[in-house]
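So the structure is just underneath, and the comments pick up after that.
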Amino acid sequence: MKKGRRKRWICSPKTGKRDNKFYVSPNYEIVFFSSEIYRVVNILDFFNAKVELSKVIEDLEKFKIENKHTGTDLNLVFKTFENQMAFIKRQAGDEGFKAHRHALILFTDGAYNMGGSPEPTVARIKNAVYMNHTVENHVGTRDDFLDIYIFAIGSDIFDDDLQPLTVGTGGNHYFRMSKIVELKETFDLIIDESEVVGMCGLHRDYETTEDKESKRKRYPWLAFIVNTGRKGKTCIGSLVSPDFVLTAAHCFTFGDLPADIVVEIEDGLGSKVKTVKSFTLHPLYNITAKVKEGVAEFYDYDLAIIRLEEPVRISEFVRPICIPCTQETSDALNLVGESTCKQQEQVLLKSYREQLGFLTRKHPLVAEKIVHAKLGENRDLCIKKALSAPGITTKNERVAVTDNFLCTGGRVGYRDHIACTGDSGGAVFKNFNQRTIQIGVVSWGTQALCSSTGGLVESNDESRDFHINLFRMIDFLSQNLGDDSQDYTALKFLKNGA
């Protein structure tokens, strides 16, 4: 989709799995077809505001091929599109219709075998969009107002029949693949990354090969942090904008300088080592604050922000993760209007055992640990295990674990993974419609169950991990990431934080 331009999408998958990777708000039509048309969404309903995304998804999931008619009448499909476009033109008028851009996307498992050639119908559609220029003398002034894409899936495909039906400029419009599982990768290959640089949390949710490149595409916000100061530490961080990396405050010690901190992000701009301009710890972080209350090391507000000397280049390999209470995250969650932090939290943390993930070092790059945040009454039971941690002598678990923490671990309901040395500072995240939203930061745990740095290790009955809940850190985040008067790309934090 071209930046700043609105296209009208009319989709007609005969077979295929829907892909929600990019959130857009065009009017669209969805039909299944064989020798007849089976309409799921009528584009004309948008004129009466009758279309709800949740209902569309429900109808798609309920649709069954069953004993529908066999055969492939592509001409009928294009005639259906032609009729709908004619109605839109009558509704919008000639001048209004000129502003509409149209994309027809067809998925088929073979060539047409009934209904005659669709080529004359396609020619009429072109003439309608090109404002009655004939194909022969069309001068090209409206080429980018119409795209017809065809995805041919299967082993018995007649390219000579299908390829001439494609229309459009700016790249390939005909795609051939043997299996439907290749469809998602094909979509990713045709997306122009430069057009979606502002979209946080985008990632490839599959791995074509077991190598670093595939891992980076799956977790493009990943950053490795090495503190080379007097108490050297290794941590993980998350890129939250081109200029900033989020991590844990305990990855730093008193006296550390920016020159002591090494941030590694492979963005294709030469060295993966990024120079650190500055770092800021949460002002309320104080590891010795509750020594007299029976907590040897207190990790509340365990949060830090690293500013890079130069912004990283955004690409399919490097892209920021979404963080709470920003407009970018509301867009990722499909929240419309003046959304709030509370609405985001209700979408992301709605279960008493909400599945989340965080990363650990593992060949060839990282592996994902699966955990479940215990909420409500489950949280009360979870945080009691903090009293068994070394260095904690208080009898009140809430002295050590404030409301700023998420609690994971244990084997009740699910057997969670446990955090290892080196996992600190990493994003605790949730995937939502192929967008990744960071909810927490890995902070501390009750037991050291790992034999080495990183690795996939499961929890036992007593082990628990505690993660800083970013929904409780918005003031700090907005002050350091959302100041649009500074010389960095600021995030748009919601005005209504309630």
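The values are calculated or read from the model by the stated rules, or taken from the named source; none is laboratory data. On a predicted model such as this, the values are computed, not experimentally measured, just so you know. FYI the Cβ positions are ideal-geometry reconstructions off the backbone, even for glycines, and counts take in every protein chain you see.
The table for this structure:
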| quantity | calculated |
| --- | --- |
| First in region 33-45 and under 10 Å from THR80 (Cβ atoms), second anywhere and in a strand (DSSP E or B), Cβ under 7 Å, 6 or more apart | PHE33/SER12; ILE37/VAL31; ARG39/VAL31 |
| Hits in region 202-257 - residues which are outside any strand (DSSP E or B), under 13 Å from GLU316 (Cα atoms) and at pLDDT 95 or above | TRP221 |
| Number of positions in region 228-259 that are more than 20 Å from GLN438 (Cβ to Cβ) and either surrounded by fewer than 18 Cβ atoms within 10 Å (Cβ to Cβ) or in contact with a helix residue (DSSP H, G or I) (Cβ under 6 Å, 6 or more places away or on another chain) (or both) | 12 |
| Test set (1) modelled with pLDDT of 90 or more; (2) farther than 19 Å from VAL77 by Cβ; (3) aliphatic (A, V, I, L, M) - VAL167 fails condition number | (2) |
| Search result, residues across region 163-187 that are part of a helix (DSSP H, G or I), without any contact (Cβ under 8 Å) to a residue 60 or more places away in the chain and of a type outside the set (Ser, Thr, Tyr) | GLN163, PRO164, VAL181, GLU182, GLU185 |
| Single residue of region 388-401 satisfying the filter (assigned to a loop (DSSP other than H, G, I, E, B) and among the aliphatic types (A, V, I, L, M)) that is farthest from TYR285 (Cα to Cα) | ALA389 |
| Output for region 432-455, where each listed residue is modelled with pLDDT under 95 and either outside the structural domain of ALA367 (by TED's automatic domain parsing) or under 25 Å from the mean Cα position of the chain (by Cα) (or both) | PHE432, ASN433, GLN434, ARG435, GLY454, GLY455 |
| Count of residues meeting criterion [over 18 Å from LEU477 (Cβ atoms) and either touching an Asp or Glu at 6+ places or on another chain (Cβ under 7 Å) or touching a residue at least 40 places away in the same chain (Cβ under 8 Å) (or both)] in region 251-273 | 10 |
| Selection count, region 273-302, where residues are part of a loop (DSSP other than H, G, I, E, B), in contact with a Leu (Cβ under 8 Å, 6 or more places away or on another chain) and either surrounded by fewer than 17 Cβ atoms within 10 Å (Cβ to Cβ) or hydroxyl-bearing (Ser, Thr, Tyr) (or both) | 3 |
| Residue within region 418-425 that is closer than 19 Å to PHE224 by Cα, buried (at least 16 other Cβ atoms within 10 Å of the Cβ) and acidic (Asp, Glu) present | yes |
| Selection from region 93-109 of residues that are surrounded by fewer than 18 Cβ atoms within 10 Å (Cβ to Cβ) and under 33 Å from the mean Cα position of the chain (by Cα) | ALA99, ASP109 |
| Failed criterion for LYS184 (all others in (1) in contact with a Leu (Cβ under 9 Å, 6 or more places away or on another chain); (2) in the same structural domain as ASP109 (by TED's automatic domain parsing); (3) at pLDDT below 75 hold) | (1) |
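Here's the yes/no breakdown for (1) touching a Ser or Thr at 6+ places or on another chain (Cβ under 8 Å); (2) closer than 28 Å to LYS374 by Cβ:
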residue	(1), (2)
LEU449	yes, yes
THR453	yes, yes
SER463	yes, yes
LEU470	no, yes
MET473	no, yes
THR489	yes, no
